[in-house]
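The structure appears right after this line, and notes come after that.
The values are calculated or read from the model by the stated rules, or taken from the named source; none is laboratory data. Everything numeric here is computed off the predicted structure, so don't read it as measured data. Every residue, glycine among them, receives a Cβ derived from its backbone with ideal geometry; neighbour counts consider all protein chains shown. Protein only, heavy atoms only, side chains kept; ligands, DNA and RNA dropped before computing areas. Shrake-Rupley method; radii C 1.70, N 1.55, O 1.52, S 1.80 Å.
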Amino acid sequence: TWPALIGVAALMSVGIVDAYFVGQEGPDQLAAISFIFPIITALSSLGVGVIVGINSVVSRALGRGEHDLAETRGLQGFIIAGFAGLAIGAALWAFQAPLFAAMNAGDDLEPLISAYMTPYAIGFPFVMWMMSLNGMLRGQGAAVRSSIILIVNAAANWVLDPMLIAGWGPLPGYGIAGAAYASVIAFGLAGITAFV
C-alpha cells in the first residue's frame, strides 16, 4: 500500500506545481487552469480505471499460472488504452469549446484554455499508455516499480514546468501551453521508464 500511496501522492502534486508556475504568468492563466483541472482530474480517474482493469486481468491470469494469457491480456490492455486515448483525445480537442462554455469559462479565457488543451489532447494517448503499463506492473505484484513510474512522471513535471512555462536557457517560455507540453513529455518519460 505504501508504494501506491507515495506514487499517487506524487502524481497529485503535479496539479499544485502546475498551478504555481502557471500562476506566475498572470491571473487569467491561473483562472484558465482552474477550469482545466476538473477535466484533467476526471481523465486521470479514467486512467486509474485502466490501471485497475489491467491489474485485475493480468493478476488473475498469473494467479492461475497462465503466464502466456497474462502477457496477452497486458498487450491487449495496452492496445485498447492507446485507441481509447486517441478517441478521447480527439473528442477532447473537437469539443473543448462547448465543454468549457458549459462550464461558464469566459470568452477571454478560451484562447488560454485552448493553448493548454490542444497539446494535452494530442498527447493523451501517452497518458493512457503510461497508465496501462502501470497496471501491468501492479498485476505482476511490482508495486514499488509501478510507483516509481508515477514518481518519475511527477519529477519530470516538476523539472519541465518552469523550463517550458516561463522559459529557461535556450528554451522560450510557452506560457500555459508549456504546462501541457510538460505533462505530455512527463507521461512519455514515465512510460519509457516502465520498459527499463
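Brief remarks follow.
- Cβ-Cβ under 8 Å pairs, at least 6 apart or on other chains, the stretch 1-29 side closer than 15 Å to Ala155 by Cα, far side part of a helix (DSSP H, G or I) and aromatic (Phe, Trp, Tyr): Ser13/Trp158; Val14/Trp158; Gly15/Phe37; Val17/Trp158
- Residue in the stretch 29-47 that is modelled with pLDDT under 90 and either at positive phi or part of a loop (DSSP other than H, G, I, E, B) (or both) present: no
- Output for the stretch 119-142, where each listed residue is part of a loop (DSSP other than H, G, I, E, B) and under 17 Å from the mean Cα position of the chain (by Cα): Gly123
- With respect to (1) of a type in the set (A, V, I, L, M, F, W, C); (2) open to solvent by 10 Å² or more (accessible area, probe 1.4 Å); (3) more than 29 Å from Ala4 (Cα to Cα); (4) in contact (Cβ under 8 Å) with a residue 24 or more places away in the chain, the lone exception for Leu171 is condition (4).
- Filter pass, Ile54 being closer than 17 Å to Ala182 by Cα and either surrounded by 20 or more Cβ atoms within 10 Å (Cβ to Cβ) or in contact with a strand residue (DSSP E or B) (Cβ under 7 Å, 6 or more places away or on another chain) (or both): no
- Yes/no for Leu133 being touching a residue at least 60 places away in the same chain (Cβ under 8 Å) and either among the hydrophobic types (A, V, I, L, M, F, W, C) or buried (at least 19 other Cβ atoms within 10 Å of the Cβ) (or both): yes
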